[in-house]
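**Student:** Sharing a structure here in structure tokens format.
The values are calculated or read from the model by the stated rules, or taken from the named source; none is laboratory data. Everything quoted here is computed from the prediction, not taken from an experiment. Here the Cβ is made from the backbone with ideal geometry for all residues, glycine too, and neighbour counts use every protein chain on show.
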Amino acid sequence: MDNPYKRKKEPERVRQRILDVAIQLTADKGLSGVSLQAVADLSGVTKGGLLHHFPNKPALIRAVVSTVLQRLDQAFDEYMARDPEPYGRFTRAFIHFTLQRDVQEIGSLWTAISMVMLTDQAFNAQWIEWLNGRLVLHAETDSGIELQLLRCAADGLWLTMFTGVDDPDETQRLELEMMRRTYRNAP
């Protein structure tokens with residue numbers, strides 16, 4: 001490991017490394033498993049260096065949630081851009097990312113945001129704001145009650161995966177059925 005006192009100063013790179021470590025720790029251990037010292041140690045910076053970027057744990061977690069939501073925005077946009085059918089497009093992306101165990105690091109991002117949502121109401125507001133913003137943005141194509149029910153079903157299925165009580169084959173079958181039902185006039 002580089003000596004943190006002698007290496008070249010690259011504040012944005014250091015900040016990003018701290019955030020990446022904090023995201024992974026949040027996904028692995030939940031908020032209670034994230035300490036400033038652990039994040040500093042795993043990031044290869046001093047605790048003072050970490051505090052330069054994030055003055056306390058709530059500031060770090062706010063930045064983690066913001067970063068995760070920005071990355072999810074990008075992933076959702078890329079996924080939806082490849083979907084030629086406008087009706088249900090956001091719901092298909094929601095189902096896809098909710099039920100993936102790991103998709104280009106999205107799995108750990110989804111787990112991190114989920115751990116925050118499940119364990120801390122204060123940060124849950126950021127998730128709710130993101131989701132509501134997306135629902136407003138896609139109201140024309142994804143506001144139907146059947147699509148809302150499918151998003152709720154995906155959340156419930158995710159919970160069975162998260163708690164380890166799912167049957168992976170059954171989960172895949174249910175995901176395919178939910179996706180099929182996102183199309184207009186699906187039987």
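**Student:** Looking only at the range 136-155, which residues are touching a residue at least 40 places away in the same chain (Cβ under 8 Å) and crowded, with 17+ Cβ neighbours inside 10 Å?
**Tutor:** Of everything in the range 136-155, those that are touching a residue at least 40 places away in the same chain (Cβ under 8 Å) and crowded, with 17+ Cβ neighbours inside 10 Å turn out to be His138, Thr141, Asp142, Leu147, Leu150, Arg151, Ala154.
**Student:** Kindly list the number of the only condition in (1) touching a residue at least 24 places away in the same chain (Cβ under 8 Å); (2) under 18 Å from the mean Cα position of the chain (by Cα); (3) over 30 Å from Tyr183 (Cβ atoms) that fails for Leu36.
**Tutor:** Unmet for Leu36, out of (1) touching a residue at least 24 places away in the same chain (Cβ under 8 Å); (2) under 18 Å from the mean Cα position of the chain (by Cα); (3) over 30 Å from Tyr183 (Cβ atoms): (2).
**Student:** Something else about it: Hey, does the range 99-110 have a residue that's surrounded by fewer than 20 Cβ atoms within 10 Å (Cβ to Cβ), assigned to a helix (DSSP H, G or I) and touching a residue at least 60 places away in the same chain (Cβ under 8 Å)? Can you show your working first?
**Tutor:** Residues of the range 99-110 that are surrounded by fewer than 20 Cβ atoms within 10 Å (Cβ to Cβ), as a first pass: 100-105, 107-108.
In the following step, the residues that additionally are assigned to a helix (DSSP H, G or I) were identified as 107-108.
Cutting the leftovers down to touching a residue at least 60 places away in the same chain (Cβ under 8 Å) gives us 108.
Taking every residue of the range 99-110 in turn, at least one turns out to be surrounded by fewer than 20 Cβ atoms within 10 Å (Cβ to Cβ), assigned to a helix (DSSP H, G or I) and touching a residue at least 60 places away in the same chain (Cβ under 8 Å).
**Student:** Further, regarding this structure: From the residues in the range 1-16 that are at pLDDT 90 or above and more than 13 Å from Val64 (Cβ to Cβ), which one is surrounded by the fewest Cβ atoms within 10 Å (Cβ to Cβ)?
**Tutor:** Residues of the range 1-16 at pLDDT 90 or above: 12-16.
Those still in the list that are more than 13 Å from Val64 (Cβ to Cβ) too: 12-14.
Values: Glu12: 8, Arg13: 10, Val14: 19.
Checking each candidate, the answer is Glu12.
**Student:** A further question on this structure: I'd like the full set of residues that are assigned to a helix (DSSP H, G or I) and under 9 Å from Leu36 (Cα atoms), limited to the range 50-65.
**Tutor:** Leu50, Leu51, Lys57, Leu60
**Student:** With respect to Ile128, is the statement that it is within 14 Å of the chain's Cα centre (by Cα) and either buried (at least 17 other Cβ atoms within 10 Å of the Cβ) or small (Gly, Ala, Ser) (or both) true?
**Tutor:** On the way: within 14 Å of the chain's Cα centre (by Cα): yes; either buried (at least 17 other Cβ atoms within 10 Å of the Cβ) or small (Gly, Ala, Ser) (or both): no.
So Ile128 does not fit the description; no.
**Student:** If you take the residues in the range 162-172 that are under 23 Å from the mean Cα position of the chain (by Cα) and without any contact (Cβ under 8 Å) to a residue 40 or more places away in the chain, which one is nearest to Lys29 (Cα to Cα)? Before the answer, list the steps.
**Tutor:** Filtering the range 162-172 for residues under 23 Å from the mean Cα position of the chain (by Cα) gives 162-168, 171-172.
Still in the running and without any contact (Cβ under 8 Å) to a residue 40 or more places away in the chain: 163-168, 172.
Working: Thr163: 14, Gly164: 16, Val165: 19, Asp166: 21, Asp167: 23, Pro168: 23, Gln172: 26 Å.
Once the filter is applied, the top-ranked residue is Thr163.
**Student:** Also, I was wondering about something else. Filter the range 77-97 down to residues that are surrounded by 19 or more Cβ atoms within 10 Å (Cβ to Cβ), modelled with pLDDT of 95 or more and assigned to a helix (DSSP H, G or I), then give me how many there are.
**Tutor:** Going residue by residue through the range 77-97, those that are surrounded by 19 or more Cβ atoms within 10 Å (Cβ to Cβ) are 88-97.
Checking the rest, the ones that are also modelled with pLDDT of 95 or more come to 88-95.
Narrowing the set further to residues that are assigned to a helix (DSSP H, G or I) leaves 89-95.
Within the range 77-97, residues that are surrounded by 19 or more Cβ atoms within 10 Å (Cβ to Cβ), modelled with pLDDT of 95 or more and assigned to a helix (DSSP H, G or I) number 7.
**Student:** Please go through the range 21-65 and pick out each residue that is hydroxyl-bearing (Ser, Thr, Tyr), surrounded by fewer than 17 Cβ atoms within 10 Å (Cβ to Cβ) and closer than 28 Å to Phe162 by Cβ.
**Tutor:** First, pick out the residues of the range 21-65 that are hydroxyl-bearing (Ser, Thr, Tyr): 26, 32, 35, 43, 46.
Now restrict to residues that are surrounded by fewer than 17 Cβ atoms within 10 Å (Cβ to Cβ): 32, 35, 46.
If the condition is that a residue be hydroxyl-bearing (Ser, Thr, Tyr), surrounded by fewer than 17 Cβ atoms within 10 Å (Cβ to Cβ) and closer than 28 Å to Phe162 by Cβ, then Ser32, Ser35 are the ones that fit.
**Student:** May I pose another question? Restricting the first residue to the range 176-187 and requiring it to be under 10 Å from Leu147 (Cα atoms) and modelled with pLDDT of 95 or more, which pairs with a second residue that is in a loop (DSSP other than H, G, I, E, B) and hydroxyl-bearing (Ser, Thr, Tyr) meet a Cβ separation below 8 Å and a spacing of at least six or different chains?
**Tutor:** Thr182/Tyr87; Tyr183/Tyr87
**Student:** Tell me, which residue of the range 156-185 that is of a type in the set (Asp, Glu) and part of a helix (DSSP H, G or I) is surrounded by the fewest Cβ atoms within 10 Å (Cβ to Cβ)? Walk me through how you get there before you give the answer.
**Tutor:** Within the range 156-185, the first condition is being of a type in the set (Asp, Glu), and the residues that meet it are 166-167, 169-170, 175, 177.
Imposing the further condition that a residue be part of a helix (DSSP H, G or I) reduces the set to 169-170, 175, 177.
On the way: Asp169: 8, Glu170: 11, Glu175: 18, Glu177: 12.
So, considering only residues that are of a type in the set (Asp, Glu) and part of a helix (DSSP H, G or I), the one surrounded by the fewest Cβ atoms within 10 Å (Cβ to Cβ) is Asp169.
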